[in-house]
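The values are calculated or read from the model by the stated rules, or taken from the named source; none is laboratory data. Treat the numbers as computed from the prediction; the structure is a model and nothing was measured. Here the Cβ is made from the backbone with ideal geometry for all residues, glycine too, and neighbour counts use every protein chain on show. These accessible areas exclude ligands, DNA and RNA; they are computed on the full protein's heavy atoms, side chains included. Shrake-Rupley method; radii C 1.70, N 1.55, O 1.52, S 1.80 Å.
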Amino acid sequence: MSTSRRHFLKLAGTVTAAGLTKRSEALNLALHPIAAQQPPRSPGYTLRIATSPIELAPNRIISTTTYNGQFPGPLLRLKENQPVTVDIHNDTDTPEQLHWHGQFVPVDVDGSAEEGTPYIPAHGTRRIQFTPRPSGVRFYHTHVRAAADLVAGQYNGLAGPVYIEPAYNPGAYDREVFLTLKEFEPTFSRGGDMAMDFLTPATTVKALKDTGESAMKASLASGMPHGYEVGYGSFTINGKMLGHGEPIHVKTGERVLFHIINASATEIRSLALPGHTFKVIALDGNPVPTPATVPVLWLGTAERISAIVDMKHPGVWIMGDLADDDRHHGMGIVIEYAGHSTKPLWLKPPPFRWSYARFGKPGAASPTPDETIEMTFAKLNAAAEGFNRWTINNVAFSMDNMSPRYHLNQGRRYRIRMRNASDDIHPIHLHRHSFELTNFAGTPTSGIIKDVVMVGGYQQVEIDFTADKPGLTLFHCHQTLHMDYGFMTLFDYA
Ligand SMILES: [Cu+2]
């Protein structure tokens, strides 16, 4: 198994290299050694931030900011605990931050101005060094505030996959396929049509619902419109709209391990493959205690899922988003069995609800936390120049003073009890640490280690983490519109 995997990687490398033009070679498109004196087991990498054309489909060529002239940015395959050096060049006029999402890296590397990471200056370079961990699917993306600027921050093409090889890999699959989901051509709207009813359990907290609904009612009654939301003109997997990229060619009997990254700025995504099921083996790159087979995957912004698909239903299929409109605008990819060449077929999957707890150990088996931090999330409708303002315990994060509000003691285990007093789903992210999901909407669970978790409308979710990585640590909703308008807070270590 591992031989064919290595072969695939080698092949993938060849394909990438063959696709390079002279100019892009100069841009260090591939994973390029930057220092000859580096030992072979710790190669260097170069990432170059620049504006470039990206062909989403024939005659649908957009201009956006990318890493190395491509979307997604190059797959960085790192080895757990083997230090790497990365040179990041910024060819744009805007200072940049490159965030190593899901990794245990120090503050000067993490890529968050709020934590104090130095910017990659406009038309400048930063060389960083870090030790990749933990193993599994991570990713890198920009961490610059976009606010009302739809060509800035995560609305552009600044995202790329990272895979950190574990020391031991059981390898119960034939090959790996990385899928990065991402929308382009954003515009503002006055409402959204995102699915909101796919989480289970659907238990809500009455007090949160009462608070949220009365606040919204009062705002609308005072004549305020709904706050801005963002919609998109094109939807892509690996930078191609459905039907315009290379199909994924498979053979009957193959076991394909998909590593799926939701690199959206604002959207929750779903994915189904007609006639097939997904055996979920890892969430956010971390193996789950109970791998389970499901017909549909759901990923909040910045979540990752690793799932194995047994290819045993020959044909030509659309693996795509359940939202018809988004799929028709590109959110899908064709799976084509060898010897089949019919028109790709989409079939709506049976009704299904997404439960994190399905993949955990049942019951509360985690250590008791030393301390519990309560946080209530609230929406102030259209309060920030037409945008919703977001607060944690009534405080919107201020980019002016960026002062830490929670002081952690090293070695202590904390529980964050998140109470969502809004009707939106929030993909909540903790930087530089992983957390354990210990309670989802009233259902205790354990053993699920993540760095992003969706908190449903008016729901309560609990996560536990150990404070063992000193330094400022950012906690925020990963929905760009939410984080940019206050939905962040900072921890420091006492
Ligand atoms: Cu949010």
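Near residue 484, no amide H atom lies under 5 Å from its own; only residues 5 or more places off or on other chains count, and H is placed 1.01 Å from N. The share of accessible area on the chain that comes from carbon and sulfur is 54 percent, using a 1.4 angstrom probe. Phi angles of the stretch 481-494 translate, via the Karplus equation with coefficients 6.51, -1.76, 1.60 and θ = phi - 60°, into HN-Hα couplings of 4, 7, 5, 6, 10, x, 7, 8, 8, 10, 9, 10, 9, 5 Hz per residue; Gly and Pro are given as x. A simple spin-label model places pseudo-atoms 7 Å from Cα toward Cβ; at residue 147 and residue 196 they are separated by 2.7 nm.
Around the amide H of residue 387, modelled in the peptide plane, lie the amide H atoms of 228, all under 5 Å away and 5 or more residues distant in sequence or on another chain.
Please calculate how many Å² of accessible area the stretch 94-191 carries per residue, with a 1.4 Å probe and no DNA, RNA or ligand atoms counted.
Working: 3170 Å² over 98 residues.
Computed with neighbouring chains in place, this is 32 Å² per residue.
3J(HN,Hα) couplings calculated from phi for the stretch 465-473 with the Karplus curve 6.51 cos²θ - 1.76 cosθ + 1.60 (θ = phi - 60°) are, in sequence order, 8, 9, 7, 10, 9, x, x, 4, 9 Hz; Gly and Pro show x.
Protein heavy-atom accessible surface, 1.4 Å probe, per residue over the stretch 290-382: 44 Å².
With respect to the cross-link table entries 217/348; 206/469; 343/450; 348/379; 279/450; 79/469, which display a Cα-Cα separation exceeding 28 Å?
Flagged as over cut-off: 217/348; 206/469; 343/450; 348/379.
Placing a label point 7 Å from the Cα of residue 352 along the Cα-to-Cβ line, the residues of the stretch 293-317 whose backbone N sits under 13 Å from it are 293-299, 307-310. Taking amide H as placed 1.01 Å from N in the peptide plane, residue 69 has its amide H under 5 Å from the amide H of 50, each at least 5 places away in sequence or on another chain.
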